[in-house]
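What follows is one structure encoded as structure tokens, with my remarks underneath.
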Amino acid sequence: VTVWLVGAGPGDPGLITAKGLELVRACEALVYDVLVAPELVAEAPEDALLIPREKLKQTEIDALLVELGSRGLDVVRLKGGDPFVFGRGGEEAHALAEAGVPFEVVPGVSALSAVPASAGIPVTHRGVSAQVTLVSGHSASGEALDYEHLARTPGTLVVFMGLSHLPEIVAGLVAAGQDAETPAAVVSNGTRPDGQSVTGTLGEIATLVDGLISPALLVVGDVVGVAAELATVAADAQALLA
Ligand SMILES: C[S@@+](CC[C@H](N)C(=O)[O-])C[C@H]1O[C@@H](n2cnc3c(N)ncnc32)[C@H](O)[C@@H]1O
């Protein structure tokens with residue numbers, strides 16, 4: 001293998017996999033995303049070629065990986081979360097496969113479950129939600145989300161890249177019949193020290209996010225209420241133990 005598509009995890013540098021970290025520590029070239037923790041970039045060997053993805057278009061990244069891989073270098077392409085969850089890892093894999101450059105995917109901890117968990121929200125919970133739908137709130141082609149379908153889908157809805165379109169997403173879901181009282185949360189910078197979250201109803205959530213910054217995830221569904229329950233149970237247990 002010459003090119004490794006490695007998931008860096010959702011933000012906390014401790015959430016990269018052991019295999020991913022080992023590869024970063026041994027690589028000759030590291031091509032990394034802006035969302036990747038700087039502590040992980042610092043793990044690359046001193047003489048490794050360090051290339052931030054910033055400002056490069058996806059097609060340029062694809063070509064760069066093919067170029068570095070064709071030179072036979074040990075290349076790590078370090079991507080936020082999991083490379084194959086809204087990470088365009090599939091496109092990079094495709095470009096490498098087409099060019100005959102050997103590659104392997106090293107999965108990462110996706111924001112999908114790790115970010116809600118950092119705010120105490122389990123994306124599935126027995127008796128509450130047995131289904132998770134993940135969507136991108138910012139589609140490259142500008143297509144609108146299928147609100148009619150989403151509003152009718154039971155379980156938990158997780159919206160990636162939705163912060164800047166929040167009012168429009170909420171309005172779309174409610175207009176399509178989703179109950180405006182459905183619990184909702186926005187978690188910003190989850191798993192990082194500066195992480196923040198707000199919870200409320202779907203109807204009001206867009207009014208509560210002032211000051212929250214990207215990256216952020218929207219979670220809609222009754223699992224959001226489980227976080228408060230867990231906090232109450234934990235507080236009661238602490239009080240009993242005190
Ligand atoms: C391009 S997608 C990459 C997702 C990534 N491949 C994964 O598996 O987590 C970037 C989006 O993921 C979400 N995200 C990633 N890291 C996050 C974090 N630490 N806190 C909140 N949302 C995060 C945000 O919605 C952000 O806009």
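Values quoted throughout were computed directly from the atomic coordinates according to the rules given, and no laboratory measurement underlies them. Just so you know, these numbers come straight off a predicted model, no measurement behind them. Neighbour counts are summed over all protein chains in view; Cβ atoms, including those assigned to glycine, are modelled from backbone coordinates with ideal geometry.
Given the -39500 (n - 2.57) contribution per DSSP H run of 4+ residues, what per-residue ellipticity at 222 nm results for the chain, rounded to the nearest 500 deg cm²/dmol? Here the helix-only value at 222 nm equals -10000 deg cm²/dmol. As a ratio to 2.2 N^0.38 Å, the alpha-carbon radius of gyration computed for region 31-79 takes the value 1.12. Principal semi-axes of the equivalent ellipsoid, √(5λ) from the alpha carbon gyration tensor of region 104-154, are 22, 20, 10 Å from largest down. A Gaussian network model of the chain, with springs between Cα atoms under 10 Å, assigns the largest mean-square fluctuation among A231, A111, A99 to A231. Sorted from longest to shortest, the spans of the Cα atoms of region 58-157 along the three principal axes equal 52, 29, 19 Å.
Our estimate of slack between A130 and S164, defined as 0.36 nm per intervening residue step minus the Cα-Cα distance, is 9.4 nm. Taking 0.36 nm per residue of separation and subtracting the Cα-Cα distance, full extension of the segment from D210 to R192 would add 4.6 nm.
For region 76-137, trypsin sites (Lys or Arg not before Pro) meeting the loop criterion (DSSP other than H, G, I, E, B) and having at most 12 other Cβ atoms within 10 Å: R126. Among D82, D236, the ranking by other beta carbons within 10 Å of each residue's beta carbon, starting with the fewest, stands as D236, D82.
Taking all Cα pairs closer than 8 Å and separated by 6 or more residues, the relative contact order of region 74-223 comes to 23 percent. Sparse packing (at most 14 other Cβ atoms within 10 Å of the Cβ) combined with a DSSP loop state is found for the following GluC sites (Glu not before Pro) in region 128-184: E143, E181.
Taken over the alpha carbons of the chain as equal point scatterers, the Debye sum produces base-10 log I(q)/I(0) values at 0.14 Å⁻¹ of -0.93. Just need log10 I(q)/I(0) for region 153-242 at q = 0.19 Å⁻¹, Debye formula, equal scatterers on the alpha-carbon atoms, no solvent, rounded to two decimals. Computed log10 I(q)/I(0) values: -0.86.
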